[in-house]
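**Student:** Handing you this structure, nothing more for now.
The values are calculated or read from the model by the stated rules, or taken from the named source; none is laboratory data. Predicted, not measured: the structure shown is a model, and the values here were computed from it. No Cβ is skipped: glycine too gets one built from the backbone with ideal geometry, and neighbour counts run over all protein chains shown.
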Amino acid sequence: MNEPSLVRTSTADLYDAHVMRNYARSALTLVRGEGCRVWDDTGACYLDFTSGIAVNALGHSHPRWVAAVQRQAAELVHVSNLFRNPNQGELARRITCHAGPGRVFFCNSGAEANEGLIKLARLHGRRRSGGEEGKRFKVICARNAFHGRTFGGMSATPQEKIQGGFRPLVPGFAFGELNDVASFAALVDDTTAAIFVETIQGEGGVMPCTPEFLLGLRRLCDEHGLMLLLDEVQCGIGRTGRFYAYQHAGVEPDAVGMAKGLGGGFPIGAIWVREPYADLFQPGNHGTTFGGTPLACAAALATLDAIEQERLMEHVAAAGGPWIEALRGLAREFPAHVSAVRGQGFMVGVQMTGETGPWLTRLRERGLLAVASGHNVIRFLPPLNATAAELARSVEILRETLRAAA
Ligand SMILES: *Cc1c(COP(=O)(O)O)cnc(C)c1O
């Protein structure tokens with residue numbers, strides 16, 4: 001065994017030597033954050049429109065969130081699901097206030113939430129087959145989807161860069177074309193249990209489902225006794241100006257997966273399930289040690305409190321439109337570089353005509369952090385409390401960057 005070194009090595013060197021190489025990481029080492037801003041280890045400050053990939057709903061170090069986490073950490077952190085804890089019950093209630101009557105299961109990530117939805121589809125299929133297993137199991141997803149890196153989520157994610165090397169995958173997935181109900185209908189047969197889509201594809205390049213498509217899937221599910229499952233891991237929790245993005249369309253799903261923004265930076269995921277599906281999970285057939293700890297739920301409750309009391313959904317709805325319009329103005333000003341702007345609220349994709357890597361570097365050099373997505377898309381995911389001035393600043397920085405490249 002090597003002795004732990006007493007010499008303080010640079011963070012970059014530590015990563016080079018000891019951290020797995022599975023991410024294409026930016027060169028920045030971030031050390032501190034406040035609201036919309038983060039600082040790196042050289043003291044440089046950035047406007048953070050990544051929000052840790054749609055996670056930091058309240059930005060960095062929101063005082064209410066910090067106080068709630070500190071208080072809960074000093075009181076009770078983890079008890080497992082061998083016991084009840086007050087925060088989990090209250091958070092489940094709060095989620096049903098937004099999603100409607102039903103029940104909630106807590107987990108720790110988006111992939112794990114989706115894994116729960118896929119397992120739920122299998123149980124629904126078994127129940128519909130009179131208790132016989134393996135007859136009705138197929139889940140129809142969308143091309144270009146992203147549902148996570150577990151075997152279930154990955155099998156629902158039809159992209160070579162994600163599936164390659166890991167076959168054989170979980171059987172029982174089929175893929176229709178986004179916003180084309182007929183392509184989904186053509187895949188429905190006696191083995192189908194559910195339809196499962198992201199309300200707005202996030203990793204796929206900010207590709208929204210149209211309301212007609214979602215309502216069409218709902219009708220298809222009703223006709224064939226299928227569950228409609230929605231992945232709101234990225235677009236949920238106020239990001240589009242409604243608590244769930246599907247609420248803009250007026251569609252009623254049977255179950256919803258959520259995670260990223262829910263804990264305001266603390267890892268927590270959940271699925272909400274309505275009757276008559278809420279009792280499919282029974283004692284023993286699903287679970288997770290860390291699901292719904294007092295600490296995770298305190299972080300989520302503080303996040304929901306802030307979203308509600310600071311009226312952040314109203315803010316996102318009001319500020320998102322003009323911001324997206326301003327970005328569309330850049331598409332008109334620089335058609336050689338920007339071909340479209342998509343999204344809703346604070347989930348926006350700027351479709352570039354070429355590779356995003358160099359653009360993200362130039363934006364970073366001018367003090368703006370954004371995320372690559374899909375095919376040549378720059379994704380902006382500001383915290384829900386980003387001000388109109390901060391949104392305007394992002395447009396300014398993008399304009400300067402485009403102008404410098406023109
Ligand atoms: C991020 C994401 C996931 C996976 O979530 P993890 O927490 O990374 O496991 C699944 N679905 C969607 C839509 C996502 O954006």
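**Student:** Under 8 Å between Cβ atoms, which residue pairs at least 6 apart in sequence (or on different chains) link something in segment 146-172 that is within 16 Å of Gly374 (Cα to Cα) and within 15 Å of the ligand (Cβ to nearest atom) with a partner that is part of a loop (DSSP other than H, G, I, E, B) and of a type in the set (Ser, Thr, Tyr)?
**Tutor:** Phe146/Thr157; His147/Thr157; Gly148/Ser109; Gly148/Thr157; Gln163/Thr157
**Student:** Hey, can you tell me all the residues within segment 258-267 that are more than 10 Å from the ligand (Cβ to nearest atom) and over 10 Å from the mean Cα position of the chain (by Cα)?
**Tutor:** Gly263, Gly264, Gly265, Phe266 - these are the residues of segment 258-267 that are more than 10 Å from the ligand (Cβ to nearest atom) and over 10 Å from the mean Cα position of the chain (by Cα).
**Student:** Here's something else I'd like to know. Could you give me the residue pairs with C-beta distances under 6 Å whose first residue belongs to segment 261-283 and is at positive phi, whose second residue is buried (at least 18 other Cβ atoms within 10 Å of the Cβ) and at pLDDT 95 or above wherever it lies, and which are 6+ apart or on separate chains?
**Tutor:** Gly264/Ala57; Gly264/Leu58; Gly264/Trp65; Gly264/Ala299; Gly264/Thr303; Gly265/Val55; Gly265/Asn56
**Student:** Mind listing just one residue for me: the one in segment 17-48 that is modelled with pLDDT under 95 and touching a Ser or Thr at 6+ places or on another chain (Cβ under 9 Å) and, of those, nearest to Gly165 (Cα to Cα)?
**Tutor:** Ser26
**Student:** Let me ask something additional. Please state which one of Phe146, Phe166, Phe151, Phe243 is touching a helix residue (DSSP H, G or I) at 6+ places or on another chain (Cβ under 9 Å), of a type outside the set (Lys, Arg), within 23 Å of Ser51 (Cα to Cα) and surrounded by fewer than 22 Cβ atoms within 10 Å (Cβ to Cβ).
**Tutor:** Phe243
**Student:** Looking only at segment 37-72, which residues are assigned to a loop (DSSP other than H, G, I, E, B), among the β-branched types (Val, Ile, Thr) and in contact with a strand residue (DSSP E or B) (Cβ under 8 Å, 6 or more places away or on another chain)? Break it down stepwise before answering.
**Tutor:** Step one: filter segment 37-72 for residues assigned to a loop (DSSP other than H, G, I, E, B), giving 41-44, 49-50, 55-59, 61-62.
Those still in the list that are among the β-branched types (Val, Ile, Thr) too: 42, 50, 55.
Answer for segment 37-72, where residues must be assigned to a loop (DSSP other than H, G, I, E, B), among the β-branched types (Val, Ile, Thr) and in contact with a strand residue (DSSP E or B) (Cβ under 8 Å, 6 or more places away or on another chain): just Thr50.
**Student:** If you don't mind, another one. Evaluate segment 340-351: report whether one residue or more is touching a strand residue (DSSP E or B) at 6+ places or on another chain (Cβ under 9 Å), outside any helix (DSSP H, G or I), touching a residue at least 60 places away in the same chain (Cβ under 8 Å) and farther than 25 Å from Ser26 by Cα.
**Tutor:** yes
**Student:** Same structure again: State yes or no: is Glu75 exposed (fewer than 13 other Cβ atoms within 10 Å of the Cβ), assigned by TED's automatic domain parsing to the domain that holds Gly263 and not aromatic (Phe, Trp, Tyr)? Outline the logic, then answer.
**Tutor:** Details: exposed (fewer than 13 other Cβ atoms within 10 Å of the Cβ): yes; assigned by TED's automatic domain parsing to the domain that holds Gly263: yes; not aromatic (Phe, Trp, Tyr): yes.
Yes; evaluated as a whole, the condition is true for this residue.
**Student:** Within segment 131-166, how many residues are among the β-branched types (Val, Ile, Thr) and part of a helix (DSSP H, G or I)?
**Tutor:** Residues that pass the stated criteria total 1.
**Student:** Looking at Leu226, is it more than 16 Å from the ligand (Cβ to nearest atom) and among the aliphatic types (A, V, I, L, M)?
**Tutor:** Yes, satisfied.
**Student:** Which is more than 16 Å from the ligand (Cβ to nearest atom), within 22 Å of Val273 (Cα to Cα) and out of contact with any Cys (no Cβ under 7 Å at 6 or more places or on another chain), of Ile118, Ile140?
**Tutor:** Ile140
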